[in-house]
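Single-structure report; data block below.
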Amino acid sequence: MIELRRLFTHTEEIRHDFGPVAGPPLRRGAAVAVIKNPFAGRYVADLLPFMDELKPLGLMLARRLLDALASRPQDIQGYGKAAIIGADGELEHGALWHAPGGYGMREALGWLEVSTPPNAGTPTLAGQPGNALAIVPSTKKVGAPGTSIDVPLTHLNASYVRSHLDCIEVRVPGAPAADEAAYILAMSLGGRIHERLGGLRVGEITRWDGQR
């Protein structure tokens, strides 16, 4: 059911934001798949089958973004996802991206392995903590070609890490057309360039529950 029309990749390096020059600079980016919206112009009650169809696209897009950032999975610190749906679609077509986008990100970046001893209610770490434990933040909208969207970013293992609460603006020139959907994944290699507002630090993550 997927007709892929365009792939768009955006990467950037932020060296300073009215403060001292950072070394190394913050690298982050987004990858977008623009596809034909198979539901454009009509109401379809059962959308769930298409969610499974989108899973390979999510994984491909996550790997493509890693390549664009010239990064290993263990280098990534923040992530997020979004969707822009063309004018002949509806917001629910953007919500289809929640599971496939999150799946692709987690598959590409790795899971934390845990084990639970018998009669114990709290999981214990099995080896070193992995990546992609936190919920992948998301946003979506219906818009005209060239519409921009702010993709939220959080730390990929603990959503309460304040330094990594951020966003990245994404815009695909000329897309999505009325009968298209633009599905977006975003990653960053660090927190905000001059973060200095305290809160939970990356080195203080202890629960490995996706939050703290």
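Normalised by 2.2 N^0.38 Å, with N the number of residues, the alpha-carbon radius of gyration of the chain equals 1.07.
Can you compute the helix-only [θ] at 222 nm over the chain? Use -39500 (n - 2.57) per DSSP H run of at least 4 residues, normalise by all residues, nearest 500 deg cm²/dmol. Counting only the DSSP helices, I get -5500 deg cm²/dmol. Can you give me the angle between helix 98-109 and the longest principal axis of the chain, using Cα atoms only, in degrees from 0 to 90, rounded to the nearest 10? So the inclination is approximately 50 degrees. Taking the chain as a Gaussian network of alpha-carbon nodes connected by springs under 10 Å, the highest mean-square fluctuation of the residues PHE39, PHE50, PHE18 belongs to PHE18. Taken along the Cα-to-beta-carbon direction at a fixed 7 Å, the label points for LEU197 and LEU48 span 3.9 nm. Label positions at THR206 and MET1, each projected 7 Å from the Cα along the C-beta direction, are separated by 4.6 nm. Seen against the Cα atoms of the chain and their longest principal axis, helix 48-68 is set at about 60 degrees. What the phi angles of segment 192-200 give under the Karplus curve with 6.51, -1.76 and 1.60, with θ = phi - 60°, is a coupling list of 4, 4, 10, 4, 7, 10, x, x, 4 Hz, glycine and proline written as x.
Report note on the peptides 62-72, 199-209: ranked by the mean count of other C-beta atoms within 10 Å, highest first, their order is 62-72, 199-209.
Read-outs: derived from the displayed coordinates by stated rules, not from any lab. Owing to the predicted nature of the structure, the values given are computational and were not obtained by experimental measurement. Positions of Cβ are backbone-derived with ideal geometry, glycine not excepted, and every protein chain shown enters the neighbour counts.
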